[in-house]
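Some notes on the structure that comes next.
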Amino acid sequence: MMQTPELSIRERRAQIISRIETAADSKGLNPSDITLTAVSKVQPDDRVDAMLEAGQRVFGENRVQEAKARWKERKAEYPEIKLRLIGPLQTNKAEEAVALFDVIETIDRMKLAAFVAKAMKAQDRDIELFVQINTGEEEQKAGVLPQDADLFLKEVKDNLGLKISGLMCIPPVGEPAGPHFALLRKIALRNGIANLSMGMSEDFEIAIGFGSTHVRVGSALFGERVTT
Ligand SMILES: *Cc1c(COP(=O)(O)O)cnc(C)c1O
């Protein structure tokens with residue numbers, strides 16, 4: 001049997017960017033309004049460095065400690081890197097997260113929002129914040145419930161003075177993602193929020209069709225995550 005030659009990281013990135021452009025074009029959207037977040041969690045360092053060499057500058061991580069170990073020096077070397085936290089955040093890690101990340105996508109409860117607001121003030125650091133919405137109302141998943149979203153967004157603004165620039169969701173596994181993307185978009189529209197972080201390796205083109213501004217692609221870019 002013929003073996004498929006393995007694509008380089010550079011080729012994989014070029015393919016994903018081209019698919020983003022095609023999906024945007026087909027909806028009459030401007031591809032430059034869509035940011036590709038390369039989800040580097042658990043990926044080996046050589047793949048991450050190859051991605052940097054290929055020109056990628058926006059990366060997503062889901063754990064503070066892992067991100068710190070990987071990105072502290074690389075960020076010093078490439079100051080244009082933008083790091084996005086896409087995993088749940090504990091309040092006791094809020095200070096570290098605010099110091100390291102440029103964007104926290106997973107604000108999901110008032111207590112966390114308060115810790116993040118306090119850390120931003122203490123560090124005099126203005127990072128971007130997204131609120132995670134649990135569109136599938138899954139018990140085991142983080143995120144504000146859709147029916148609580150409007151009030152949550154209002155309270156974060158009124159009580160903490162925080163500006164929320166986007167919403168994020170992770171649709172339930174094994175369900176069509178479209179209705180979840182549509183719901184997230186609806187909540188964002190009625191609350192005057194411009195950015196939508198939705199769409200992963202399997203469904204980023206669908207998400208773009210629903211107005212995603214930030215797609216989070218891991219395995220389709222880097223190859224399967226190597227877990228030990
Ligand atoms: C891991 C992860 C991704 C990337 O998943 P792939 O299916 O590998 O693209 C995106 N978003 C979140 C929140 C993740 O945890």
- Query: Can residue 39 be described as among the aliphatic types (A, V, I, L, M), more than 16 Å from residue 205 (Cβ to Cβ) and touching a Gly at 6+ places or on another chain (Cβ under 6 Å)?
  - Reply: yes
- Message: Suppose we keep only residues that are more than 16 Å from the ligand (Cβ to nearest atom) and touching a residue at least 12 places away in the same chain (Cβ under 8 Å) within segment 32-48. Which one would you say is surrounded by the fewest Cβ atoms within 10 Å (Cβ to Cβ)?
- Response: 45
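A quick yes/no check of all residues on (1) at pLDDT below 95; (2) in a helix (DSSP H, G or I); (3) within 17 Å of the chain's Cα centre (by Cα):
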{"position": "112", "(1), (2), (3)": "no, yes, no"}
{"position": "115", "(1), (2), (3)": "no, yes, no"}
{"position": "120", "(1), (2), (3)": "no, yes, no"}
{"position": "126", "(1), (2), (3)": "no, no, no"}
{"position": "129", "(1), (2), (3)": "no, no, yes"}
{"position": "132", "(1), (2), (3)": "no, no, yes"}
{"position": "135", "(1), (2), (3)": "no, no, yes"}
{"position": "140", "(1), (2), (3)": "no, no, no"}
{"position": "147", "(1), (2), (3)": "no, yes, no"}
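Check 183, 189 and return the single one that is closer than 21 Å to residue 140 by Cα, more than 13 Å from the ligand (Cβ to nearest atom), open to solvent by 20 Å² or more (accessible area, probe 1.4 Å) and more than 16 Å from the chain's Cα centre (by Cα). Show your work before the answer.
Numbers: 189 fails: closer than 21 Å to residue 140 by Cα.
The unique qualifying residue is 183.
In this structure, is residue 87 within 14 Å of the ligand (Cβ to nearest atom), farther than 19 Å from residue 183 by Cβ and either open to solvent by less than 20 Å² (accessible area, probe 1.4 Å) or without any contact (Cβ under 8 Å) to a residue 40 or more places away in the chain (or both)?
On the way: within 14 Å of the ligand (Cβ to nearest atom): yes; farther than 19 Å from residue 183 by Cβ: yes; either open to solvent by less than 20 Å² (accessible area, probe 1.4 Å) or without any contact (Cβ under 8 Å) to a residue 40 or more places away in the chain (or both): yes.
Criteria met by residue 87.
Anything in segment 149-163 that is assigned to a loop (DSSP other than H, G, I, E, B) and either charged (D, E, K, R) or under 14 Å from the mean Cα position of the chain (by Cα) (or both)? List them, or say none.
First pass over segment 149-163, keeping only residues assigned to a loop (DSSP other than H, G, I, E, B): 161-163.
Within segment 149-163, just 163 meets the criteria.
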- In segment 13-31, the residues that are within 13 Å of the ligand (Cβ to nearest atom) and open to solvent by 60 Å² or more (accessible area, probe 1.4 Å): 19
- Note on the structure: When (1) more than 20 Å from residue 91 (Cβ to Cβ); (2) away from the ligand (no atom under 11 Å from the Cβ); (3) open to solvent by less than 10 Å² (accessible area, probe 1.4 Å); (4) out of contact with any helix residue (DSSP H, G or I) (no Cβ under 6 Å at 6 or more places or on another chain) are applied to residue 167, the one that fails is (4)
- Tell me, yes or no, whether segment 192-213 has at least one residue that is free of Cβ contacts under 8 Å to residues at least 24 places away in the same chain and away from the ligand (no atom under 11 Å from the Cβ). yes
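Only one of 145, 160 is under 24 Å from residue 196 (Cβ atoms), more than 16 Å from the ligand (Cβ to nearest atom) and touching a strand residue (DSSP E or B) at 6+ places or on another chain (Cβ under 9 Å). Can you tell me which?
On the way: 160 fails: touching a strand residue (DSSP E or B) at 6+ places or on another chain (Cβ under 9 Å).
Matching residue, one of 145, 160: 145.
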- Item | Residues (more than 24 Å from residue 143 (Cα to Cα) and of a type in the set (Lys, Arg)) located in segment 50-99 | 57, 70, 72, 74, 75
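The values are calculated or read from the model by the stated rules, or taken from the named source; none is laboratory data. These numbers come from a predicted model, not from an experiment. Don't worry about glycine lacking a Cβ; one is built from the backbone with ideal geometry, like all the others, and counts go over all protein chains shown. Note: areas computed on protein heavy atoms with side chains; ligands, DNA, RNA excluded. Shrake-Rupley method; radii C 1.70, N 1.55, O 1.52, S 1.80 Å.
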